[in-house]
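Trainee: Shown below is the structure under consideration.
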Amino acid sequence: MAKDIDWGSLGFGYIKTDKRYVSLYKDGKWDEGTLTDDDTVTLSECACVFQYAQTIFEGLKAYTTEDGRIVTFRPDLNADRMIESAKRTEMPPFPKDRFLDAVKQTVAGNRDWVPPFGSGATLYIRPFMFGYNPVIGVKPAEEYEFRMFTTPVGPYFKGGMKPITVRISDFDRAAPRGTGHIKAGLNYAMSLHAIVDAHEQGFAENIYLDPGTRTKIEETGGANIIFIDADGNMVTPKSDSILPSITRRSLMVVAEKYLGIKVTQREITLKEVAEGNFKECGLCGTAAVISPVGCINDHGKEIRFASGMDEMGPTLQKLYDTLTGIQMGRIEAPEGWIYEI
Ligand SMILES: *Cc1c(COP(=O)(O)O)cnc(C)c1O
């Protein structure tokens, strides 16, 4: 029986659900893993994760399709990305087949928490991993916990998809040759001040520039950026310090294969954005799929997009409708994109 929840009024907050998956790494190997009711973790005060932030995570969602199946979207790419994040932080990668099995078990164990089709809500899945044995000299932990919990989240856009205003940040997110390309808690700890400050100044998000030259667009704290140029082509920044968003990579395929839109991934300067070379701009990530940007504020100078402040631009809207159509089962998906629970 589905839980008695007003799905439409849910926000993006944590709600404890029935089951979570846990696997421990000890003596050089992962144990077999299990679902548990226990939502708490008790650790040594000297656990590596507390002292040196050795933790990585992922984010994906489960939802009900139009024809009533419970599915997730491209979880194999989350598994791959988490393996890359683990390698860069000296953690033992959690095997891909086991990651996919954990998604299946965790969602199946919380079946009643998957919001119904049409509610706009989804069951957010949070896989994460941390080093937990006591470590005081700086080195990686020897023991790790992999955990995956779920929490129902509401529709991202409650009052319709209104374009947002974002600012060019004076803070940097990720150093060249640093850790910007992995999904690690450390990339978020340093973004907290920037986001609180942006909100205080009335901006929805920060756009970070490349720290090397501070002339090129990278991404926001938790979403990649896509632009539509004057000819209706999709252009997205290329940089080693951008987190490879699964939504952005999927939109690139949708643009080219479904909509016949030319896609280019290249360095994009703030200067060319300011010169008005692009008519639409959007942020993309699992949570919202695409959030339209109506205006970028660069230290008081407003860069306004032709799509305006009232609605998403027509090309981004087409991309959004097609990708969400694929996710919901209305449009045929490329092989392997939809993973049934
Ligand atoms: C998670 C994340 C994204 C979005 O990635 P998706 O796979 O599309 O959800 C973008 N940027 C950063 C920094 C992220 O952490």
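Laboratory data are not the source of any read-out in this text; all were calculated from the coordinates shown. Small disclaimer: the values here were computed from a predicted structure and weren't measured. Using ideal geometry, Cβ is built from the backbone for each residue, glycine included, and neighbour counts are taken over all protein chains shown.
Trainee: Placing unit charges on C-beta atoms (Lys and Arg positive, Asp and Glu negative, everything else neutral), compute the dipole magnitude of segment 42-162 about its Cα centre in debye, rounded to 20. Write out the running numbers ahead of the final one.
Mentor: Numbers: 15 positive and 14 negative charges, 84 e Å.
The calculated dipole for segment 42-162 is roughly 400 debye.
Trainee: Filter the trypsin sites (Lys or Arg not before Pro) in segment 14-62 down to the DSSP loop ones having no more than 14 other Cβ atoms within 10 Å, then list what survives. Intermediate values should be presented prior to the final figure.
Mentor: Numbers: sites: LYS16, LYS19, ARG20, LYS26, LYS29, LYS61; in loops: LYS16, LYS19.
Listed in order of number, the matching sites are LYS16.
Trainee: Put one equal scatterer on each alpha carbon of the chain, apply the Debye formula with no solvent term, and list log10 I(q)/I(0) at q = 0.10, 0.16 1/Å to two decimals.
Mentor: The Debye formula, applied to the Cα set alone, gives -0.62, -1.50.
Trainee: Then there's this: Please list, by residue number, every one of the trypsin sites (Lys or Arg not before Pro) in segment 201-246 that is coil in DSSP and has at most 14 other beta-carbon atoms within 10 Å.
Mentor: On the way: sites: ARG214, LYS216, LYS238; in loops: ARG214, LYS238.
Those that pass, being in a loop and sparsely packed, are ARG214, LYS238.
Trainee: Ok, one more. Can you compute the modelled spin-label distance between SER9 and ASP231, with each label point 7 Å from Cα toward Cβ, in nm?
Mentor: 5.1 nm
Trainee: Ranked highest first by average number of other Cβ atoms within 10 Å, how do 38-46, 148-156 line up?
Mentor: So the order, starting with the most tightly packed, is 148-156, 38-46.
Trainee: Between ASP112 and LYS87, what length in nm is gained on full extension when 0.36 nm per residue of separation is reduced by their alpha carbon distance? Provide the component values of the computation, followed by the final result.
Mentor: Numbers: separation 25, 0.36 × 25 = 9.00 nm, distance 3.50 nm.
Fully extending the segment from ASP112 to LYS87 adds 5.5 nm.
Trainee: Give me the number: length gained by fully extending LEU43 to VAL196, i.e. 0.36 nm times residue separation minus the C-alpha to C-alpha distance, one decimal in nm.
Mentor: 52.2 nm
Trainee: Looking at this model, which pairs from LYS183/LYS271; LYS61/LYS262; LYS87/LYS139; LYS61/LYS238; LYS87/LYS262 are more than 23 angstrom apart at the alpha-carbon?
Mentor: Working: LYS183/LYS271 29 Å; LYS61/LYS262 28 Å; LYS87/LYS139 14 Å; LYS61/LYS238 26 Å; LYS87/LYS262 34 Å.
LYS183/LYS271; LYS61/LYS262; LYS61/LYS238; LYS87/LYS262, as the Cα separations exceed 23 Å there.
Trainee: Still on this model: Assuming 1.567 mPa s and 4 °C, estimate D for segment 7-153 with Stokes-Einstein, Rh taken as the Kirkwood radius over Cα pairs, in µm²/s.
Mentor: Values: Rh = 16.0 Å.
For the chosen part, D equals 81 µm²/s.
Trainee: With the crude spin-label approximation of a point 7 Å out along Cα→Cβ, what separation in nm comes out for ASP310 versus LYS257?
Mentor: The answer from the label model is 3.6 nm.
Trainee: Packing-wise, with mean Cβ within 10 Å as the measure, how do 278-284, 170-176 rank, highest first?
Mentor: Working: 278-284: 25.3, 170-176: 17.1.
Ranked from most to least packed, the peptides come out as 278-284, 170-176.
Trainee: Projected onto the charge dipole of the chain (+1 at Lys/Arg Cβ, -1 at Asp/Glu Cβ, origin at the Cα centre), which of VAL153, LEU77, PRO140 gives the Cα projection farthest towards the positive end?
Mentor: About the Cα centre, the residue reaching furthest to the positive side is LEU77.
Trainee: Between GLU275 and LEU35, what FRET efficiency comes out of the Förster formula 1/(1 + (r/R0)^6) with R0 = 41 Å and r the beta carbon distance, rounded to 0.05? Please report the intermediate quantities before stating the final value.
Mentor: Numbers: r = 54 Å, r/R0 = 1.32.
According to the calculation, E is roughly 0.15.
Trainee: Enter the Cα centre distance for the pair segment 43-75 and segment 166-227, rounded to the nearest angstrom.
Mentor: Computed from Cα coordinates, the inter-centre distance equals 21 Å.
Trainee: Continuing with the same structure: Report the charge-dipole magnitude of the chain in Debye, nearest 20, computed about the Cα centre from +1 at each Lys and Arg Cβ and -1 at each Asp and Glu Cβ. Provide the component values of the computation, followed by the final result.
Mentor: Working: 39 positive and 47 negative charges, 75 e Å.
In total the dipole reaches around 360 debye.
Trainee: On to the next question. Sort 301-308, 101-108, 126-133 for me by packing, meaning the mean count of neighbouring Cβ atoms within 10 Å per residue, highest on top.
Mentor: Values: 301-308: 15.5, 101-108: 20.4, 126-133: 21.9.
Packing proxy ranking, top to bottom: 126-133, 101-108, 301-308.
Trainee: Give a residue-ordered list of calculated ³J(HN,Hα) values for segment 301-313 (Karplus: 6.51 cos²θ - 1.76 cosθ + 1.60, θ = phi - 60°; whole Hz; x for Gly, Pro).
Mentor: 8, 8, 9, 9, 8, 4, 5, x, 9, 9, 8, 5, x
Trainee: Which one of GLY294, MET234, THR220 is farthest out on the positive end of the charge dipole of segment 164-326, using unit charges on Cβ (Lys, Arg +1; Asp, Glu -1) and the Cα centre as origin?
Mentor: Comparing the listed Cα positions along the dipole, MET234 ranks first.
Trainee: Hey, rough spin-label estimate for HIS299 and GLU335, points 7 angstrom out along Cα→Cβ, what's it come to in nanometres?
Mentor: 5.1 nm
Trainee: Which is farthest toward the positive dipole end of segment 164-326 among GLY325, LEU283, ALA204, measuring Cα position about the Cα centre, with Cβ charges +1 (Lys, Arg) and -1 (Asp, Glu)?
Mentor: Result: GLY325.
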